[in-house]
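The values are calculated or read from the model by the stated rules, or taken from the named source; none is laboratory data. All of these numbers come straight from a predicted model, not from anything done at the bench. Using ideal geometry, Cβ is built from the backbone for each residue, glycine included, and neighbour counts are taken over all protein chains shown. Please note that ligands, DNA and RNA were not included when accessible areas were found on the heavy atoms of the full protein model with its side chains. Shrake-Rupley method; radii C 1.70, N 1.55, O 1.52, S 1.80 Å.
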Amino acid sequence: MALIIDNKKLTDGIYLMRVSSNIQAPRPGQFVMLRPEGDGLFLARPISVMDWENGVWTFLYKVVGKGTEAMSRLESRDDIFMFGPMGNGFGRVLPLEKIRKAVLIGGGMGIAPMYGLAKALRKTGAHVKIHLGFTDEPILRKEFSDVADELVINVGGYVTDDVRFEQGPVYFACGPDPMMKAAARKAREAGAELIVSLESRMACGMGACLGCTIDTTKGSKRVCKDGPCFRYEEVTGLGK
Amino acid sequence: MKNPVIAASGTFGFGIEYEEYFDPTILGGVSSKGLTLRPSRGNAGIRVWETPMGMLNSIGLENPGVEHFVSHEALEMRKLGCAVIANLGGHSEEDYVTGAEMLNGCDIDILELNISCPNVKSGGMAFGTDPDQAADITSKVKAVTRHPLMVKLTPNAGDIVAVARACEEAGADGLSLINTVLGMAIDVRAEKAVFNNVYAGLSGPAIMPIALRMVHQVAHAVSIPVSGLGGISTAEDAIAFIMAGASTVQVGATTFRDPMAMVNIIKGLEEYAEKKSLKNIQDIRGIV
Ligand SMILES: Cc1cc2nc3c(=O)[nH]c(=O)nc-3n(C[C@H](O)[C@H](O)[C@H](O)COP(=O)(O)OP(=O)(O)OC[C@H]3O[C@@H](n4cnc5c(N)ncnc54)[C@H](O)[C@@H]3O)c2cc1C
Ligand SMILES: Cc1cc2nc3c(=O)[nH]c(=O)nc-3n(C[C@H](O)[C@H](O)[C@H](O)COP(=O)(O)O)c2cc1C
Ligand code: FES
């Protein structure tokens, strides 16, 4: 059980929610399962951890259906059912301490995990460039510029068009399918190192139901447990 | 078993996924993901879909195959410290018989014969909807297995009591019911079925009244133990199944909703037994 601290509307349908819970601290790129109580929802929803500080969890989400709609109605001091953190996180794919230069690409709600990642990378002294893509109104510009050495914002276009892929930096991407495909294509052409964070429909979020599996070069993998972070080359549909 | 609560097949992996949340040793038992003779990748496309107080799934028995299970997962499951149940599915009679023979090579407590999976194209549920076919497969597996045999029934049979009786006569040592109820979802915007297989299996609290009715009917018609499942999410639900005649209960989709659900159910059963001064929770079995 977790307690809502605040749940602010940033722009149409997009909310920033802070929750207090003393469950285990997350690693960058992990997510939690959230279920607003009392709305007849059966399953919890996977939501990325944008930020974590001393038991205060920050989530960024967009209202797209029943669950996120119920979430948007929560007010400060309401309860929310929460379990996690889940998933491997970026650092299990590639140790973050080893990265000297990183380029983070976030599109839509895929910007959320990039915030926590940028913060962690900055702590290890890496140079962090962040590219954010929005369809209309940009959000959280100030917050992201605080954790970036360079911040590039794209509105209404393709965020990947602004990114020069080359060997050397490590690239991270999270966002809608077309963005991920474009990033993978450019990374492949440049021979660049790219780590992606994927989405899939989930039931358990724990690795038990096999509802979220994807095909990879190493066989079937669970996005919730073996991912959500993968090297792009491994993921069927991105890698080849 | 130290208590009647079993993690249902396909909802608890091979027993270690929830270890961060609780020690599986406290469970009465764990039923493995449905195994098939050969490794299977399962179904493509969307596999899980939320419904009002339930969910549809079309996993399609993704599993490492019986051989891998015998040499790997079965050994891990033995360490769980609770009853180990291997759930065996199949596409043909030979699949089931060969699979059962191979499972003789491992240390499990119960073989659960899944003749009720709605998510595989051939075989699967087809064996569980017809009493004659169910009896045939039960007797053939019974003839080769060295493990106690529990047959898992489908609610999608025309007459589940007839199937249950047929399995009992064919030598089943126990029955478990119900597997998922055949359902469907349509993506109205895309104007097509959500699942590649069109139909999928419904589970969760939404199916509990159906499951309870069927357990009641079957438990009163056979004399072998019945393991009841379908939508159980609280200790009270579990008690209802025991009152309807179930010896054990299994918890499936509810674990996805709340990883601690089984822990709370076990605690709730103990508290109930204490409050009612029952020596054993089995004292209320079949009282309704
Ligand atoms: C690892 C991971 C991290 C995510 N992080 C965020 C985030 O930080 N912010 C954010 O806004 N969204 C995030 N999502 C997507 C978010 O989970 C879905 O938008 C949300 O589940 C939709 O729920 P709903 O009830 O509003 O929609 P409905 O369409 O009513 O949901 C019905 C069912 O489908 C599932 N579902 C629907 N869309 C998705 C989707 N895109 N991905 C996974 N499951 C889906 C729901 O969980 C639910 O079980 C993430 C998804 C994953 C897998
Ligand atoms: C995701 C999922 C996977 C399942 N896989 C199997 C399986 O492999 N073998 C089997 O016998 N039953 C399987 N089942 C059925 C459950 O074991 C159980 O019979 C059914 O879900 C009803 O119980 P519940 O409402 O408590 O979930 C599965 C159910 C779900 C939700
Ligand atoms: S959501 Fe259940 S295995 Fe990934």
Inset, instruction - Only Lys, Arg, Asp and Glu count, each charged at its Cβ (+1, +1, -1, -1), so figure out the dipole size of chain B about its Cα centre, rounded to 20 debye. - result: 280
Legend entry - Model label zone, A:K9; criterion: amide N under 16 Å from point 7 Å along Cα-to-beta-carbon; scope the stretch A:76-94: A:76
Legend entry - Cα long-axis angle, helix A:112-123 against chain A (0 to 90 degrees, to the nearest 10): 60
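Considering only protein heavy atoms and a 1.4 Å probe, what is the carbon-and-sulfur percentage of the accessible area of chain A?
Details: 4760 of 10230 Å².
The computed percentage sits at 47.
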Inset, instruction - Identify all lysines with a Cα-Cα distance to A:K119 below 24 Å; exclude those on the same chain that are fewer than 8 residues away in sequence. - result: A:K8, A:K9, A:K62, A:K98, A:K101, A:K129, A:K142, A:K225
Legend entry - Centroid-to-centroid separation of the stretch B:18-52 and the stretch A:1-48 [C-alpha atoms, Å]: 25
Inset, instruction - With r as the distance between the Cβ atoms of A:E233 and B:D109 and R0 = 45 Å, compute the FRET efficiency 1/(1 + (r/R0)^6) and round to 0.05. - result: 0.55
Inset, instruction - Just tell me which aspartates and glutamates come within less than 16 Å, Cα to Cα, of A:K218; anything on the same chain fewer than 8 places away is out. - result: A:D226, A:E233, A:E234, B:E62
Inset, instruction - Mind running the shape call on the stretch A:80-138? Use the C-alpha gyration tensor, a ≥ b ≥ c as the square roots of the eigenvalues: rounded below 1.5 for a/c, prolate if a/b tops b/c, oblate otherwise. - result: oblate
Inset, instruction - Give the relative contact order (percent, whole number) for the stretch A:93-161; include only Cα pairs under 8 Å separated by 6+ residues. - result: 33
Inset, instruction - Select from the stretch B:256-282 all residues whose loss of accessible area on going from the chain by itself to the full protein assembly reaches 20 Å² or more (probe 1.4 Å). - result: B:F256, B:R257, B:D258, B:P259
Legend entry - Local net charge near A:K66, Cβ-Cβ under 9 Å (Lys/Arg +1, Asp/Glu -1): -3
Inset, instruction - Might you work out the accessible area of B:H68 for me, using a 1.4 Å probe with all protein chains in place, and round it to the nearest 10 Å²? - result: 70
Legend entry - Pair A:T124, B:A162: separation of 7 Å Cα→Cβ label points (nm): 6.5
Legend entry - Summed buried accessible surface, chains B and A, 1.4 Å probe, nearest 100 Å²: 2300
Legend entry - Approximate spin-label separation B:F22-A:D78, in nm, with each point projected 7 Å along Cα-to-Cβ: 2.8
Inset, instruction - State to the nearest 20 debye the size of the charge dipole of the protein assembly as shown about its Cα centre, where the only charges are +1 on K and R beta carbons and -1 on D and E beta carbons. - result: 1020
Inset, instruction - Could you pull out which residues in the stretch B:121-162 have an amide N less than 12 Å from a spot 7 Å beyond the Cα of B:E169, following the Cα-Cβ vector? - result: B:131-136, B:162
Legend entry - Inter-centroid distance (Cα atoms) of the stretch A:135-155 relative to the stretch B:132-183, Å: 60
Inset, instruction - Would you mind counting up the charge near A:R164? Only other residues with Cβ under 13 Å from its Cβ, with Lys and Arg at +1 and Asp and Glu at -1. - result: -2
Inset, instruction - Provide, for q = 0.14, 0.19, 0.21 Å⁻¹, the log10 of I(q)/I(0) from a solvent-free Debye sum over equal Cα point scatterers in the stretch A:2-86. - result: -0.40, -0.76, -0.95
Inset, instruction - Return the residues of the stretch A:27-42 for which accessible area with all protein chains present is lower than in the chain on its own by 20 Å² or more; set the probe to 1.4 Å and exclude ligands, DNA and RNA. - result: A:R35, A:G40, A:F42
Inset, instruction - Return the lysines within reach of B:K275: Cα separation strictly under 17 angstrom, same-chain partners fewer than 8 residues apart disregarded; answer none if there are no such residues. - result: B:K267
Legend entry - Share of carbon and sulfur in the accessible heavy-atom surface of the stretch B:1-90 [1.4 Å probe, %]: 58
Inset, instruction - Before rounding to the nearest 500, sum -39500 (n - 2.57) across all DSSP H runs of length at least 4 in chain B and divide by the residue total; then give [θ] at 222 nm in deg cm²/dmol. - result: -8500 deg cm²/dmol
Legend entry - FRET E, pair B:I287, A:R185, Förster distance 60 Å, beta-carbon r, rounded to 0.05: 0.35
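Once you have a ≥ b ≥ c as the square roots of the Cα gyration tensor eigenvalues for the protein assembly as shown, tell me rounded if a/c is under 1.5, and otherwise prolate or oblate according to whether a/b is larger than b/c.
Working: a/c = 2.24, a/b = 1.79, b/c = 1.25.
In terms of gyration-tensor shape, prolate.
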Inset, instruction - Sort by residue number and name the cysteines in chain A that have no neighbouring cysteine Cβ under 4.7 Å. - result: A:C174, A:C212, A:C224, A:C229
Legend entry - Approximate spin-label separation A:I153-B:L278, in nm, with each point projected 7 Å along Cα-to-Cβ: 6.2
Legend entry - Between the stretch B:203-270 and the stretch A:193-240, the alpha-carbon center distance in angstrom: 33
Legend entry - Calculated [θ] (222 nm, deg cm²/dmol) that DSSP helices of n ≥ 4 give over chain A, each run adding -39,500 (n - 2.57): -4500 deg cm²/dmol
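In the neighborhood of B:I108, defined by Cβ-to-Cβ distances under 14 Å, what is the net charge if each Lys or Arg adds +1 and each Asp or Glu adds -1?
Neighbourhood net charge equals -3.
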Inset, instruction - Give the Rg (one decimal place) followed by the Dmax (whole number) of the stretch A:90-197, computed from C-alpha coordinates and expressed in Å. - result: 12.5, 35
